Amino acid sequence: MTTPNYAPGIQINAPISAEFAAILTPEAMNLVAKLHRAFEPRRQQLLAARVERAKRLDAGERPDFLAETKHIREDASWKIAPLPKALECRRVEITGPVDAKMVINAFNSGADSYMTDFEDSNAPSWSNQIQGQINLKAAIRRELSLEQNGKSYKLNDKIATLQVRPRGWHLNEKHVLIDGVPVHGGIFDFALFMFHNAKEQIARGAGPFFYLPKMESHLEARLWNDVFVMTQNEIGLPQGTVKATVLIETIVAAFEMEEILFELREHSAGLNAGRWDYIFSCIKKFKLDTNFCLADRAKVTMTAPFMRAYALLLLKTCHKRGAPAIGGMSALIPIKNDPAKNEIAMAGIIGDKRRDATDGYDGGWVAHPGLVEASMKEFVAVLGDKPNQWSKTREDVNVAASDLLNFQPETPITEAGLRMNINVGIHYLGAWLAGNGCVPIHNLMEDAATAEISRSQVWQWIRSPKGVLDDGRKVTADMVRALVPEELAKIKAGGFVGKFDRGAEIFTQMSTQDAFEEFLTLPLYAEL
């Protein structure tokens, strides 16, 4: 192990191998420190503003479009800055964590674009985060290869365009302290990637492109924009070189989509309909509302009224401002050992992408290389040889605040649905604690967002007067506690790898305790 000679105030409390030291150089860490010192106070103010807003929502306030930014929404003259060629065609984007096998397979998948993920599909252990940076640095330079289980993995000549998702504003990197304070995980991920790769990417005809998660307001977008401006100055890049797509995955951000594009307009690459976190956000924000209660997770699809309104508003907003609109993730994955189930799964994927393409979306997400071809066909069927549908402005769409808040379906809530939430929650938590943040469970690709729905639904069903099973039984904490051992036994019988006993303890506590935990990854991270 080696410890590079860092400037005063920079402290890393984790092992630094020679390989890690090549990423965690004094110069790269100076950039991390500079960004932290400039922006950490504002980040803390914005996190405090989230807490205050949550209290108002708990007290019954309803979100609405902002009066103070009405002039931005009504000014038809502004558009986002022109996009580089590399971001004009994004019909299918594949996403996944930063391990070497996933990175190579995703680049080679045939997708137009690959969002590599330091966030929801990645358990943020120290080794995962830094090894991920090593993998991406090598892949960009076409030097990444892997020998595993007798198979060789190497990059094709033609690979997908890279986009990087750093961690959300709420997450720290606990192993790195600047002046005694943990650095923000997202700034840490972003700065290291920019320092090592931005100029190399530009030289290879692409650029430093990002996905920004979990935002709750245009002020949070403004903060990212200011981070981009300073970083480009520090590295010596023209302003506007960085391009970022924002995931609209909170109900409150849905009311500020135009403002978010406006704040990032020099650096914007559009918006994405991040559906799973969006559903979780609705549950979280209205968890105490006795009139709010969603049905089994499997019943809450993109055709539910509130999800349909959100998807169409995002599409219209983007194309009005010259920005790409990217559809969200279908969690279905290929089922190799059951042709009948696989046919159903593929029909679900095809229907999802066909709806997005027909609506006017420019592309959509998949979680598995085996879904790229079928998804691409649906977009090509609508787009032909056009790279996108930016010209499809959807003037026919008119979404009111009440449409975004039309939360249906409320029924059915079933024992099978309750058991599925418990099973998925325990399975995912156990896998995450063992270092895996992207887990196929019951033929769906689960990440932190889908696990969040599972535990937050159970928490709310226990407390809501509408949390009643279709057979008339009220969902209670005792019912959940009784089902946990049964679902834990099923998981263990499946021969899966993970810390499932601990996962079951955490799931039980988080779903039955009085206080609602803001993000399940926060207490989990303390255990990593």
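Annotations
- Computed lengthening from residue 146 to residue 17, 0.36 nm per intervening residue step minus Cα-Cα distance: 44.5 nm
- Shown is the FRET efficiency for residue 204 and residue 127, computed with R0 = 25 Å from the Cβ-Cβ distance and rounded to the nearest 0.05: 0.35.
- Report note on the peptides 454-463, 307-316, 410-419: ranked by the mean count of other C-beta atoms within 10 Å, highest first, their order is 454-463, 307-316, 410-419.
- P(r) tail for the chain: Cα pairs beyond 28 Å make up 54% of the total.
- Between region 191-245 and region 9-37, the C-alpha centres lie 19 angstrom from each other.
- Label sites at residue 219 and residue 79, each approximated as a point 7 angstrom past Cα along Cα to Cβ, lie 3.2 nm apart.
- The phi torsions of region 404-421, fed into the Karplus equation with coefficients 6.51, -1.76 and 1.60 and a -60° offset, translate into couplings of 5, 9, 8, 7, 9, x, 9, 9, x, 9, 10, 4, 4, x, 5, 4, 4, 4 Hz, rounded to whole numbers, with Gly and Pro shown as x.
- Gained length - residue 69 relative to residue 478, 0.36 nm times residue gap less alpha-carbon distance: 142.5 nm
- Mean separation of Cα contacts under 8 Å (6+ apart) over length of the chain, as relative contact order %: 16 percent
- Note on region 1-151: Rg/Rh from C-alpha atoms, Kirkwood Rh, equals 1.06.
- Label point 7 Å beyond Cα of residue 415 along Cβ direction - residues of region 459-485 with amide nitrogen under 15 Å: 468-476, 479-485
- Note on residue 403/residue 289: beta-carbon distance plugged into 1/(1 + (r/R0)^6) with R0 of 30 Å gives a FRET efficiency of 0.95.
- Taking 26 Å as the straight-line reach from the Cα of residue 55, the lysines in range (excluding those fewer than 8 positions away in the same chain) are 70, 214, 284, 285, 287, 466.
- Long-range HN-HN contacts of residue 244 with modeled amide H, under 5 Å: 210, 268, 269
- When each of the peptides 83-96, 433-446 is scored by how many other beta carbons lie within 10 Å of its residues on average, the order from highest to lowest is 83-96, 433-446.
- Our coupling estimate for region 364-380, obtained by passing each phi through the Karplus curve with A = 6.51, B = -1.76, C = 1.60 and θ = phi - 60°, is x, 9, 10, 10, 8, x, x, 9, 5, 4, 5, 5, 4, 4, 5, 6, 5 Hz, Gly and Pro reported as x.
- Efficiency of FRET from Cβ geometry, residue 336 and residue 158, R₀ 30 Å, rounded to 0.05: 0.70
- Fraction of beta bridges assigned by DSSP in region 26-402 that are antiparallel (%, nearest 5): 25 percent
- Net charge dipole size for region 26-402 [Lys, Arg +1 and Asp, Glu -1 on Cβ; Debye, nearest 20]: 320 debye
- Whole-number Å³ per residue for the convex hull built on Cα positions in region 390-431: 158 Å³
- Working note: Karplus 6.51/-1.76/1.60 with θ = phi - 60° gives region 76-92 the couplings 7, 7, 8, 9, 6, 5, x, 9, x, 3, 4, 10, 7, 10, 9, 4, 10 Hz, where Gly and Pro are set to x.
- Computed on region 128-258, with alpha-carbon pairs under 8 angstrom and 6+ residues apart, the relative contact order is 21 percent.
- Net length gained if the chain between residue 53 and residue 181 were fully extended (0.36 nm per residue, minus Cα distance): 43.6 nm
- Near residue 364, the amide H atoms lying under 5 Å from its own belong to 92, 93, 327; only residues 5 or more places off or on other chains count, and H is placed 1.01 Å from N.
- Ratio Rg/Rh, restricted to region 415-527 and using Cα atoms, in which Rh is the Kirkwood radius: 0.94
- Amide H contacts under 5 Å for residue 172, placed H, 5+ residues apart: 185
Bear in mind these aren't lab numbers, they're just calculated from the coordinates by the rules spelled out. Since we're looking at a predicted model, the values are computed, not measured. Cβ: placed from backbone, ideal geometry, glycine included. Neighbour counts: every protein chain shown.
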